[in-house]
1. Only residues in region 192-215 that are touching a residue at least 24 places away in the same chain (Cβ under 8 Å) and farther than 12 Å from G129 by Cα count as the first member; pair them with residues that are within 16 Å of ligand 2 (Cβ to nearest atom) and among the basic types (K, R), Cβ under 9 angstrom, at least 6 apart or cross-chain, and list the lot.
2. Give the residues of region 73-103 that are within 16 Å of ligand 2 (Cβ to nearest atom), surrounded by 13 or more Cβ atoms within 10 Å (Cβ to Cβ), on the phi < 0 side of the Ramachandran plot and in a loop (DSSP other than H, G, I, E, B), sorted by residue number.
3. Output the number of the condition that N4 fails; it satisfies all remaining conditions of (1) more than 15 Å from ligand 1 (Cβ to nearest atom); (2) of a type outside the set (D, E, K, R); (3) at pLDDT 95 or above; (4) within 27 Å of Y217 (Cα to Cα).
4. Could you tell me which residue of region 104-118 is nearest to ligand 1 (Cβ to nearest atom), considering only residues that are under 25 Å from A12 (Cα atoms) and open to solvent by less than 10 Å² (accessible area, probe 1.4 Å)?
5. Does any residue of region 250-271 turn out to be among the hydrophobic types (A, V, I, L, M, F, W, C), part of a loop (DSSP other than H, G, I, E, B) and modelled with pLDDT of 95 or more?
6. Need pairs with beta-carbon distance below 9 Å; first residue within 24 Å of A555 (Cβ to Cβ) and assigned by TED's automatic domain parsing to the domain that holds F619 and within region 577-594, second of a type in the set (D, E) and crowded, with 19+ Cβ neighbours inside 10 Å; sequence gap 6+ or separate chains.
7. Scan region 564-580 and tell me whether some residue there is open to solvent by less than 20 Å² (accessible area, probe 1.4 Å) and under 30 Å from C453 (Cβ atoms).
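The values are calculated or read from the model by the stated rules, or taken from the named source; none is laboratory data. This one's a predicted model, so the numbers in the text were calculated from it and none came from an experiment. In this analysis, Cβ positions are derived from the backbone assuming ideal geometry, glycine residues included, and neighbour counts consider all displayed protein chains. Surface areas here come from the heavy atoms of the whole protein model, side chains and all, with no ligands, DNA or RNA. Shrake-Rupley method; radii C 1.70, N 1.55, O 1.52, S 1.80 Å.
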Amino acid sequence: MTGNFERIAAQALGEGRTYLMEHESKRILMDAGLETTGAHLASSADDAVRVANQLGYPVVLKVLSKDVVHKSDAGGVRLNLQDADAVRSAYHEIESIFRERGMIGVSVQRMASPGIEVIIGVTRDPTFGPVLMFGLGGVFVEILRDVSFRSIPISEEDAESMIREIRGYPLLRGYRGISGDIDAIKSVLLRISDLVEKHSIIKEMDLNPVFIYPRGYTIADARIILDISSPASAADTAPSSGAAGLRGLFYPQSIAVIGASNTKGKLGWNVFYNLLSHGYKGRLYPVNPNASEVQGVRAYPSIKDVPEAVDVAIVLVPASLTPQVVQDCCAAGVKYVVVESAGFAELGDEGKRIERELLSIVRRHGCRLLGPNCSGIINTNCGVVESIGVVDELNRGNVGLIAQAGVYAAGYLWGLRKVLDFGIIATIGNKLDLNETDMLEAIGMDENIDVVCMYLEDVKGGRRFIDVAREVSRRKPVVVLKTGRTEAGKRAVSSHTASLAGNDEIYSSVFRQAGLIRARDNDHMFALARAFSKQPLPANDGVFVISYAGSLGVAAADAISMNGMRLAELSPELKDELRRVLPKYVSGMNPVDFTFDQTPDQVRRTIEIAVKSEDVGSFIVVMQTEMLGAYIDTLRSIDYMGRPILAVVASKEFVIDDTIKMERAGIPVYSTPEQAAEVLGAMWMYRKERGWQEQMRH
Ligand code: ADP
Ligand code: MG
């Protein structure tokens, strides 16, 4: 069956065109098992009438020309032709318009009965490769851009979610007697994904419109655009880090620091000091040709003199010297080289040349390289702190952070470590060899890490990023902050689909496809991380709210429903029990509004009753700012029976000591009920989606 595809593609390319006309495109689709209205080439009026007579009326005539991409705009579509005369005159009309415009004839096809119009398309993204699009047709796509994307290949659950995701979904599901065959759409999406996966020469595709019926569908128009540039595989050619998961990089037995220094203030001093002062238990080897010891540790003139093949060599020499140093490292059997020096690709051509040289050296030797222009790894589980800035006091923790820039990580670390305990922080810098995907894969496997935060400017791993992220997301939440959202992503595009596929739209859908949680900004990312790292996931969508102020309780209730949850409902028995402990003036049972007399003990007794309800999946407790400190011991001591609790305190940043203490007690604190509800909503969504994926797989 692929014979037709090759023949059609070869003919088009032979004629110097990458655009396949409707009859060619539909042939390919029909060979792939898809339903279309057909398209028979007819090169004369007689021909057209003969085909129409065979098909039966009514029929549609459309111009076929390699120069006409948008047929109806140019007046090249004649619909609902009822008999031979109508076909004949339509042919002549089309001919009169297009005779001089490369017309090879018309396509004669069956007139489809009306249905819901959808658009299905394919485009290529520079980062992720082929991308599938789905949306409702007509004004929905033109004006509202109501479309969804997924990276190809898609799974059945991707097909399902990309249909559900569009705002017009209720229309398909059924509205006022109209409905669409959702399984049929799913099957088309999956077949198109297969087709494109099989033929990497397909660059773009528009199926527009596809008519969806209560049962079945038909593709009324199709165009395919081929790629003449031999499809450069976006695939990462780097060796896979495999199941070992970069263990030696994150948990090294031995570290050499090339450029370790005795001069305070130098980066080589800082890095070595960090390693000494955080209790790293492995073997440390400062390398410095001008010193016999560094900060009290015996030094070696070269990595070649170090008495063992170390797991990690940190390189701090000037960029121009790095190729020789990395070469020496490889010769000495170093497994991971961490180049923290700057002055590479970020500074121009010479730096790029050095990078290419470094890459070819490590590839040749099978050594892996982190950086350059990074700040190494922090792993509080084994006292490894490779940062170029001095870092003090770090608790051991369960949060992973992957960041491109070291200064970013350092800036956040300074304050955040008071309320958030990091396990691993990996800075990837220019990601010449190891990139965010490798880090995510390794940290995803790390049993000490329960939640991963990623700060990204771009993604290098392409499709592998999606596959890895999806796998990791099944095991632990991954929150990502991607900057560069407004980038226009305007390229010369020939298909409708490509014009709708902005850079940020693709990133958003790819993140969704991978099950990643996208953060708006840094505060949002760490607000999520604080909850995910300290609290269990909600047991269900029912939230129980306790507040000292009615207005804040109402705000919480609103925010809860806006974030896909609801207020929990206690059983009559539990309501009675609660009524007995509540003061007379408290009327509501959720939110419970204690007014300003709310005390820690009242809150405890309320929670101890509510926690018995199956319907309560989580708690939000709003506390008086001036009393925050008084709640800490009480809230810490309650048994929430596996449910999460989030605290809300107005202006928490101005009672910072108590806020920190509450966070240290394991209860995340937010300034507004809206923030708490949003975080809870993300936790619930994460739990629900994971459950849904489990179901789809079994
Ligand atoms: P183009 O997109 O190149 O302008 P189309 O083939 O999509 O041309 O035709 C324009 C419109 O005509 C479609 O959006 C659809 O509404 C209608 N149409 C096209 N082909 C058929 C068909 N076989 N049956 C019913 N309606 C059709
Ligand atoms: Mg069309």
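1. M205/R223; D206/R223; L207/R223; N208/R223
2. Passing the criteria: A74, G76.
3. Only one criterion in (1) more than 15 Å from ligand 1 (Cβ to nearest atom); (2) of a type outside the set (D, E, K, R); (3) at pLDDT 95 or above; (4) within 27 Å of Y217 (Cα to Cα) is unmet by N4, namely (3).
4. Q109
5. The first filter runs over region 250-271 and keeps only residues among the hydrophobic types (A, V, I, L, M, F, W, C), leaving 250, 255-258, 260, 267, 269, 271.
Now drop any that are not part of a loop (DSSP other than H, G, I, E, B), which leaves 260.
Imposing the further condition that a residue be modelled with pLDDT of 95 or more reduces the set to 260.
Yes: region 250-271 contains one or more residues that are among the hydrophobic types (A, V, I, L, M, F, W, C), part of a loop (DSSP other than H, G, I, E, B) and modelled with pLDDT of 95 or more.
6. Every condition considered, the pairs that remain are V586/D593; S587/D593.
7. Yes, region 564-580 contains a residue that is open to solvent by less than 20 Å² (accessible area, probe 1.4 Å) and under 30 Å from C453 (Cβ atoms).
Results for (1) touching a residue at least 60 places away in the same chain (Cβ under 8 Å); (2) open to solvent by 10 Å² or more (accessible area, probe 1.4 Å); (3) within 25 Å of C330 (Cβ to Cβ), shown as yes or no for each residue.
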| residue | (1), (2), (3) |
| --- | --- |
| V362 | yes, no, yes |
| G366 | yes, yes, yes |
| G371 | yes, no, yes |
| N381 | yes, yes, no |
| V399 | yes, no, no |
| A403 | no, no, no |
| W414 | no, yes, no |
